[in-house]
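Participant: The following block contains the structure, expressed as structure tokens.
The values are calculated or read from the model by the stated rules, or taken from the named source; none is laboratory data. Note that the structure is predicted; figures quoted are calculated from it, not measured. Heads up, the Cβs are rebuilt from the backbone with ideal geometry, glycines too, and the neighbour counts pull from every protein chain shown.
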Amino acid sequence: MFSPTEILTSICLYMGALFLIASFVEMKFRRGVNLAANPFVYSLALAVYVTTWTFYGSVGLAATSGFLFLATYLGSTLCIILWPLLLRRLVRLKERNRITSIADLIAARYGKSRTLAGLVTFVILIGITPYVGLQFKALTTTALILSGETIESAHLSVDGPIAPVFAILMIVFTIAFGLRRVNPTERHPGMMMVLSIESVVKLVAFLAAGVYVVIHLQDGMGAIFKEAQQKFSDMPFTGHGSGAEFMQWFSHLTLSFSAALLLPRQFHVAVVENSSEKHIATATWLFPLYLLLINFFVFPIAISGLLVGLPAAQGDSFVLTLLSDQKTLSLLIFIGGFSAGTAMIMMETVAISTMVVNHLLLPLFESIRGMHTFRRYILQCRWVVASVFILAGLAYMKLFSREQPLVSIGLISFGAVLQFAPAFFGGLYWRQANKTGALLGIMAGFLTWGYTLALPSIGTTIPGVSGLIEHGMFGLSFLRPGSLFGLDHLDLVTHSVFWSLTVNLGLFCLGSLLFRTSRYDEEIADEFVNAMNGLTVPRATDLPARIEVERKHAQIFTVFRKYFDEETARLLAQTCFRASGIENRSKISILELADLQSEVERTLAATIGTAAAHAAIRGENLVTPEEAKELSTQYASILADMKVSPAELRTRIDYYRERERILSRQAGTFRLLSEVSQRLSASLEYEPTIATVSRVALPGLSECALLYLTEAPLPGEKKKPRWLVAHNDPKLETVIAERFEQNCPEPSDLYHVAHALQNRKPVSAAPDSGSLWGNELFKGMEIGASITLPLIARNAMLGTLSLISSRPSLLRYSDEVAVVEELAYRCAIAIDNARLYRNAQAAIRAREEFVSIASHELRTPLTPLRNQIQLLQRVMSRGELSNYPAEKLKKMLESADRQVDRMSRLVNELLDISRATAGRLQLDVKPCDLCEIVRETTDRFADVLAGAGCKLQIFCPPEPVIGEWDRLRLEEVVTNLLMNAMKYAPEAPIEINVTGEQSKAKLAVRDHGPGIPISEQERIFDRFERVITPKRVGGFGLGLYISREIAQAHGGTLRVSSVPGEGAEFALELPRKAPVRKSVKIVAKGS
């Protein structure tokens, strides 16, 4: 059917696609978007419970034992029904104690016992190895069948090269998907998304196989059962309802009930990876529905295989055998089964490698002096353990599983994890359950399981063991593993479940009842049993702070340094002090010390497990004997005063600590915001304000801050840098600032800034987000986490403020995020106030400049006018007016008239700007000829132009250019443009070109003066603005402003095009018919 190369290529392509999906989800998670934090993703990921056992083995069991296969899923469904109560309790305990695995939880419940954690880990390691071997057997056999081998030859060829290739792929994928972080309590959204996708793939594949078998191979479900009744009259595979069969059903229900939560992979997905208790409600109905759908066609496929003559012993291969002629569908079925197997191996290995390192290797490293260094290589040790565990599963397949059905192998592992059930469930609900009972029960149950189930299952392949199985230990027949004490009417699995559970439960109860527990163990028992109870709110009194913090800080750093590098250890220590609310304290009380120790233990437990963390803290003597005595005295005193039980006291102390922690954080928040407000209010100047904003979060909240400003500089001011960088390290700050200045990145180049601007919401980033900030811009700085905050004032976007830190724990609390959002709000207000102040100062400067210009411009014509009037007065006072030369008198009056005309124009400009600003600029629209307007206007200034040495050329079309315009206003525009050309380009020609089109008319005035720089071409249209030239030019600087507003009032435009040194051309474009407006309000820029 397929060559081995094609099969491996298909596998690699499929897993490569999953890896890309996982990488994308992890990338989004680092950017603050958790795609896997979804109840459906969580529920589908729980279907990792469905392995190749379901895909192939359930069909084989149905072919030999009928509906017995359903017990495996009915039992798990019964467990799931209890999840709203059971699983919520476990999730809360996980969050409170930083639980990393099922071994961690059991150890945490029973005095944080490393012995018990090690025992649970050892049992799991031995018990789950066959389950991994089961997956390898199914994957290898089906791959060989898919490649064209017969079922018999496929079973004989499992020792071939394909199984090691699968093992290597599993090692690579497991490390890539699930073992990239040292802290197993951190979320793995990529892995969860992959598990959910694989669950969908295996469901679709199995349903496709079922539909094909029922509809295409048979004539429907009814026809299958009808033919089965005719061919198998006694229907042996449906059972006869005997007592032994009832016990068999009960044992399978019991095994699957416990496996639904106690299998390491199920516990890890259901508890450790749970991100919200709300997701449990969806899983309670969606997971059972998934189990129903994937088992719907199991029995019809099994019967169809028997009907076509396939041996029942080959039932594990029915799915592929029945579809052997369907190449594409067979490949889909294989990929579905591959998904089922790889998901199980990957998750089981992740969970077990964590347990082995935390509870077996770390105690070994600590007990042997020369191996202490290995404690700092926890992640690498997990990689090694994962590899060894997967290879152990491969070895089991090759050595022991050749003749075993898939279901039989799986039930061996189910029997092993069943041994945790009494200690696990009893610890959650029975306060008197203790460590001694748990140790005795698990150890005895494990030994009984090994003797009654594991040994008989694999013993036939071990030389010398077959005699013990047949004759019993020491030759005593009543000690035969398969019929212990004469109980020989039960099958092997049921027999083992009965004896192992009886011994386990009996010793667990007996040990818990006969042996007393310490007060510390009782407190832990109360915490687990009362995990769902709310806290009461008592009154509490403050305790004196006598304990020096500095020495405790050094001890805590030493604890973390054993397992982490120096920088990480320092950051973790600071995180613990911060979480306890004593970050800036020099002395603390005894209760605060107890709270600090608990926080350190929880933080360390997230990496090495609760038992190892407890041992590490206890070995460091963080609480001295004298302090422990004082703590006991305080507890006893409070007990006596409050007249409460120890359990109630512990609840109240928990409340006291939480209250003190919250109050301390609130006080710190108020201090921080008060200091921020003081710094921001120190100046209203724009430059000092934005410099303060860029540094306001340093050094307390972050190590680096990046301020981006969207506001453009005011007209006439030099361009401000859009990026401001601040860093605790001045040298690194200078380097990063220079990179921004040289590269001038756009906001769209930086993901966080662009999204904060677009969505107007904060954008946070998880660890490993440095690439999103641009590796070159922040080269040399380690980015652990960041948050980018939009700066919004009066609903206007002013920019963004990004806080960047090397600490992954930056802003992990919701109240801290609220603080920085408040900080951003205050920064935005400060920037907005500084901007308004800057605009006001610019307006004041403009007003003062205008007053200066106006006084000078009005005084200029007044001086010669006054001189002429005084001269006339002197002539008249002497009686010489009749004798005064007429020519001189004429020139004198003409000069006076020119000065009056100049003053009139200046006053009219002021009146126009006043009317425009007040909204009283009127348009008197009538049909008129633009060429006529130009000619009449230029004729009035012919003498003036001649005096300035400007030769005027007018180009008009032969036909009139008529439109509905305000004639006087257009004359004003032509006058302003003509006067500007004359003032700025004296003794140079001026051309006026008028053109007309169907719907619009154009007028262009061109001079041959010095030209206008590009940077000035927009500014000159503002009020009181002129082109800067060496020679001062008179006027208010209002002509172009008024001319453009008149053009816009007509629905037209006024633009300038110029090249320095080549003159300038002002182009007026007007529609033939101006819009009807009663008045036009011209809003002054900057007002």
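Participant: Name, by its number, the condition in (1) under 54 Å from the mean Cα position of the chain (by Cα); (2) at pLDDT below 70; (3) surrounded by fewer than 12 Cβ atoms within 10 Å (Cβ to Cβ) that does not hold for E816.
Facilitator: (3)
Participant: Does the range 997-1007 hold any residues that are at pLDDT below 90 and not acidic (D, E), and which are they?
Facilitator: Matches in the range 997-1007: Q998, S999.
Participant: Please work out if A579 is without any contact (Cβ under 8 Å) to a residue 24 or more places away in the chain, crowded, with 19+ Cβ neighbours inside 10 Å and over 24 Å from G118 (Cβ atoms).
Facilitator: No, not satisfied.
Participant: Can you tell me which residue is farthest from L86 (Cα to Cα) among those in the range 498-529 that are part of a helix (DSSP H, G or I), of a type in the set (V, I, T) and touching a residue at least 12 places away in the same chain (Cβ under 8 Å)?
Facilitator: So, considering only residues that are part of a helix (DSSP H, G or I), of a type in the set (V, I, T) and touching a residue at least 12 places away in the same chain (Cβ under 8 Å), the one farthest from L86 (Cα to Cα) is V503.
Participant: Does the range 1012-1023 contain any residue that is over 17 Å from I933 (Cβ atoms), assigned to a strand (DSSP E or B), at pLDDT 85 or above and of a type in the set (V, I, T)?
Facilitator: No, the range 1012-1023 has no match at all.
Participant: Let me ask something else. So, in the range 870-902, how many residues would count as being surrounded by 11 or more Cβ atoms within 10 Å (Cβ to Cβ) and of a type in the set (S, T, Y)?
Facilitator: Counting residues in the range 870-902 that are surrounded by 11 or more Cβ atoms within 10 Å (Cβ to Cβ) and of a type in the set (S, T, Y) gives 2.
Participant: Follow-up. In this structure, is M347 touching a residue at least 40 places away in the same chain (Cβ under 8 Å) and touching a His at 6+ places or on another chain (Cβ under 7 Å)?
Facilitator: It is true that M347 is touching a residue at least 40 places away in the same chain (Cβ under 8 Å) and touching a His at 6+ places or on another chain (Cβ under 7 Å).
Participant: Check every one of the helices (runs of 4 or more DSSP H) wholly within the range 193-312 and list those with 1 or more residues that are within 28 Å of V417 (Cα to Cα) and among the aliphatic types (A, V, I, L, M).
Facilitator: Those helices (runs of 4 or more DSSP H) span 243-262, 279-295, 298-307.
Participant: Related question: Given the condition at pLDDT below 85 and more than 26 Å from D104 (Cβ to Cβ), answer yes or no: does some residue in the range 370-389 qualify?
Facilitator: yes
Participant: Every residue in the range 1-33 that is in a loop (DSSP other than H, G, I, E, B) and in contact with a Leu (Cβ under 6 Å, 6 or more places away or on another chain), please.
Facilitator: M1, F2
Yes or no, residue by residue, for (1) touching a strand residue (DSSP E or B) at 6+ places or on another chain (Cβ under 7 Å); (2) surrounded by fewer than 21 Cβ atoms within 10 Å (Cβ to Cβ); (3) under 14 Å from S802 (Cα atoms); (4) modelled with pLDDT of 85 or more:
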| residue | (1), (2), (3), (4) |
| --- | --- |
| V725 | yes, no, yes, yes |
| P747 | yes, yes, yes, no |
| Y751 | no, yes, yes, no |
| S764 | yes, no, yes, no |
| P767 | yes, yes, no, no |
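Participant: Kindly establish whether T328 is among the β-branched types (V, I, T), surrounded by fewer than 20 Cβ atoms within 10 Å (Cβ to Cβ) and modelled with pLDDT of 90 or more.
Facilitator: No, not satisfied.
Participant: Also: Looking at G486, G437, G427, which is the one that is over 50 Å from the mean Cα position of the chain (by Cα) and not hydrophobic (A, V, I, L, M, F, W, C)?
Facilitator: Matching residue, one of G486, G437, G427: G486.
Participant: Follow-up. Hey, can you tell me all the residues within the range 582-593 that are within 17 Å of Q555 (Cβ to Cβ), surrounded by fewer than 20 Cβ atoms within 10 Å (Cβ to Cβ) and not acidic (D, E)?
Facilitator: Within the range 582-593, R585, S586, K587 meet the criteria.
Participant: Look through the range 943-997, keep the residues that are among the charged types (D, E, K, R) and not in a helix (DSSP H, G or I), and return whichever of them is surrounded by the most Cβ atoms within 10 Å (Cβ to Cβ).
Facilitator: D966
Participant: Continuing with this model, one more query. Could you go through the range 402-418 and let me know if any residue there is within 23 Å of T115 (Cβ to Cβ), assigned to a helix (DSSP H, G or I) and in contact with an Asp or Glu (Cβ under 9 Å, 6 or more places away or on another chain).
Facilitator: no
Participant: Right, here's the next one. Residue under question is V417, and the condition is that it be modelled with pLDDT under 90 and over 30 Å from K562 (Cα atoms); does it hold?
Facilitator: Against the criterion (modelled with pLDDT under 90 and over 30 Å from K562 (Cα atoms)), V417 does not qualify.
Participant: Among the residues of the range 292-322, which ones are buried (at least 24 other Cβ atoms within 10 Å of the Cβ) and within 40 Å of the chain's Cα centre (by Cα)?
Facilitator: I294
Participant: Take the residues in the range 334-380 that are surrounded by fewer than 20 Cβ atoms within 10 Å (Cβ to Cβ) and within 30 Å of the chain's Cα centre (by Cα), then tell me which one is nearest to V194 (Cα to Cα).
Facilitator: L379
Condition check ((1) in contact with a Leu (Cβ under 8 Å, 6 or more places away or on another chain); (2) assigned to a helix (DSSP H, G or I); (3) at pLDDT below 90) across all residues:
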site	(1), (2), (3)
G426	no, yes, no
R431	no, no, yes
T448	no, yes, no
S457	yes, yes, yes
F474	no, yes, yes
L490	no, no, yes
H495	yes, yes, yes
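Participant: Now for a different question. Under 6 Å between Cβ atoms, which residue pairs at least 6 apart in sequence (or on different chains) link something in the range 419-434 that is of a type outside the set (K, R) with a partner that is in a loop (DSSP other than H, G, I, E, B)?
Facilitator: Cβ pairs passing all conditions: G426/A433; G427/A433; N434/T517.
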